[in-house]
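K.L.:
Here it is: the structure, laid out below.
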Amino acid sequence: MSVTIHIANLAAANRVTLQAGPNLVLRGRPNEGYYVGIDLAKLDAKRENYGEAFNVVIFGDLGNPNDFYVLPYAAIGHLFARTPIQLRSAERPRWKVQIHSDEMAVAGMDQRLNVAEFYADFAATQQGSRSTDNLDMSVEATIFETQRAGVVTQRRGQDCFHREVLYNFGHGCCLTGVTERELLVASHIVPWSRRVPPRLDPANGLCLFVAHDKLFDKGYFTVSDDLTISTTRQRARLSSHVVRLLDEIDCRTLCQPLRWPIRPEYLRFHRQHVFLK
C-alpha cells in the first residue's frame, strides 16, 4: 500500500527541476540541526559545471513551504577549503554539515558561518536563468510512485507574507487606518535578519503606514502584549517632526488582527532587542 505525503516545501516540491540547474539540493534533518551529508563527488560535479555560481539548497520540514536554506557556494565555499581526515578516509567521501540557530558548521573545520540571510529565499535558486512561474509550488507526492499530483498554487515567501499581513489587518494600517495600498508595509516584528522561524509567520507582522514602519523598524516605538504603543524616550537627537509623530501615537492601541493573533514572544523580542528604551 502506498503512502501519500503532502509536500508544501518549495525546495522539496521542485527538487528535480532545481537539481537540474545551478543547485545541489539536499534534505536536512531539522531536529538534528539540518544535518546533511554532502557527497564530495556531487559537490565536485557542481563545481566543475558552474564554478562557484551555484547553490547548496538544504530543505527541512516538508509541510512548511519556506523551511529551506539557499546557500550560495561563493559564500560558503571557504568552509570546504581543505579536506578533513575523516573525509579522506571515508569509503564514500562526504562533508558532514549542520546548521544550528543559523550557524553553519562543517565537520573538521573550526570556522562557523551565520547563514540567516539565506533562509527561505526561493528566488535565489534561479540565478536569473529561469522564472519561478514555471515551478510547482505545492505538490502531492507518493513515496513509491514519486508522482506529482499537480500545481496547487504559485507563491513566493515574501509576497505571501505581505499578502497575509495586509489581510490580517483588513488592508489598513493597524495604527492609523490608512488604506492606500501603495503606502502600506508588512512590517516584521522580529526583524528578518535576526531570527529564522518567525520570518514568514503572519503572526510576526504588522500592517503599517510606510512612515510608521520605519519608526518601528528602527526601534522608535514598540508594542506591549495588549497592543499598546510605547515610544522611545531617547528624543534629544530627534528632529521636531519625528518627535511630533511619536507624540501622536504614544499610548495608542493597535487594532486587533482578523485571523492570526500577534504572538507575545515576538513582541517581547522587539521590546528587548530593537526598541530604543
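What follows is calculated from the coordinates using simple rules that are stated; it is not laboratory data. Not measured: the values here are computed from a predicted model. Neighbour counts run over all protein chains shown; Cβ positions are idealised from the backbone, glycine included.
K.L.:
Could I have the simple spin-label model distance between E52 and A75, label points 7 Å from Cα toward Cβ, reported in nm to one decimal?
P.N.:
About 1.4 nm, to one decimal.
K.L.:
Here's a follow-up. Could you tell me what percent of the DSSP beta bridges with both partners in region 10-112 are antiparallel, to the nearest 5? Before the final figure, lay out the partial values.
P.N.:
On the way: 15 of 20 bridges.
Roughly 75 percent of the DSSP beta bridges within region 10-112 come out antiparallel.
K.L.:
Using label points projected 7 Å from each Cα along Cα→Cβ, tell me how many nm separate C255 and V243, to one decimal.
P.N.:
Between C255 and V243, the label points sit 3.1 nm apart.
K.L.:
Which FRET efficiency, nearest 0.05, do Y35 and A123 yield, Cβ-Cβ r, R0 22 Å?
P.N.:
0.25
K.L.:
Let me ask another. Taking the Cα-to-Cβ direction at T179 and at A236 and moving 7 Å from each Cα, how far apart do the two end points lie in nm?
P.N.:
Label at T179, label at A236, 4.5 nm between them.
K.L.:
Between R112 and K277, 0.36 nm times their residue separation minus their Cα-Cα distance comes to what?
P.N.:
56.2 nm
K.L.:
Continuing with the same structure: Could you order peptides 70-81, 28-39 by the average number of other Cβ atoms within 10 Å of their residues, highest first?
P.N.:
70-81, 28-39
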